[in-house]
Structure formats: C-alpha cells, structure tokens
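Undergrad: This is the structure I have questions about; it appears just below.
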Amino acid sequence: MSNLNPLRTGSTVVLTWLASSTSGASYHVYRANSALADSWSRLTSSPTSNLSFTNTLVPSGTHYYLVRAVSLKTRGIGSYYDLSQSARTHSVVP
C-alpha cells in the first residue's frame, strides 16, 4: 500500500491510500502525537477493507498517522492476521 494522504477539515482528518499488492488485504489505522514508534494508538477495532478512514474530533496539534495492511492467514488449526506493508503521514489540526 502507498500514497497515504490526509485531508483535514476543522477537527476531522480523512485519510485515503492506494491498495496493498497483497491479495485480500485489509487495513488497521493508527495515530500518534509524535513520530516515536512506541506511541501509536490503533483507531480501528478490526481491520477495514476500505481505502479511506475518517478520524473525527481530532484534538489540536500535529498528529501522525500510520496505515498498515494486514491479511488473514490460516495455518493448520488456527488463523491469524499477518501484518505487512505500512505507510505514514502527518496532519496538523489547528
């Protein structure tokens, strides 16, 4: 996946991106108040197949967004989500 773009309107940020090359991929969206890798909060409760995400009531300041492609894998007697490609961007909310 690539081309993660934020569009800010007031306290709302709409993210759009291009699909992953992984067949059947879905996406998790994360937000952070700094670029530090250990401060990301996941905004999606489950993976979404949409190529956009709307984050409402975003507090003022600079926010960093990360979208990560995931795909459901089934092996033996279990299933799991395999994390793969990701893209980052940031948006400033006045």
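The values are calculated or read from the model by the stated rules, or taken from the named source; none is laboratory data. None of the values given here were measured: they were computed from a predicted structure. Note: ideal-geometry Cβ built from the backbone for every residue, glycine included; neighbour counts use all protein chains shown.
Undergrad: Consider region 35-44. How many of its residues are more than 10 Å from residue 65 (Cα to Cα) and either modelled with pLDDT under 90 or among the aromatic types (Phe, Trp, Tyr) (or both)?
TA: 4
Undergrad: Still on this structure, I have one more. If residue 11 meets every condition in (1) loosely packed, with under 14 Cβ neighbours inside 10 Å; (2) under 15 Å from the mean Cα position of the chain (by Cα) apart from one, which number is that one?
TA: That leaves (2) as the condition not met.
Undergrad: Next up: Within region 35-69, track down each residue that is assigned to a loop (DSSP other than H, G, I, E, B), loosely packed, with under 11 Cβ neighbours inside 10 Å and of a type in the set (S, T, N, Q).
TA: 45, 46, 49, 56, 60, listed by residue number.
Undergrad: Could you tell me whether any residue of region 9-19 is in a loop (DSSP other than H, G, I, E, B) and either within 18 Å of residue 88 (Cβ to Cβ) or touching a helix residue (DSSP H, G or I) at 6+ places or on another chain (Cβ under 9 Å) (or both)?
TA: Yes, the conditions are met somewhere in region 9-19.
Undergrad: Also, I was wondering about something else. Please enumerate the residues belonging to region 29-61 that are out of contact with any Phe, Trp or Tyr (no Cβ under 6 Å at 6 or more places or on another chain) and among the small types (Gly, Ala, Ser).
TA: 34, 37, 39, 41, 45, 46, 49, 52, 60, 61
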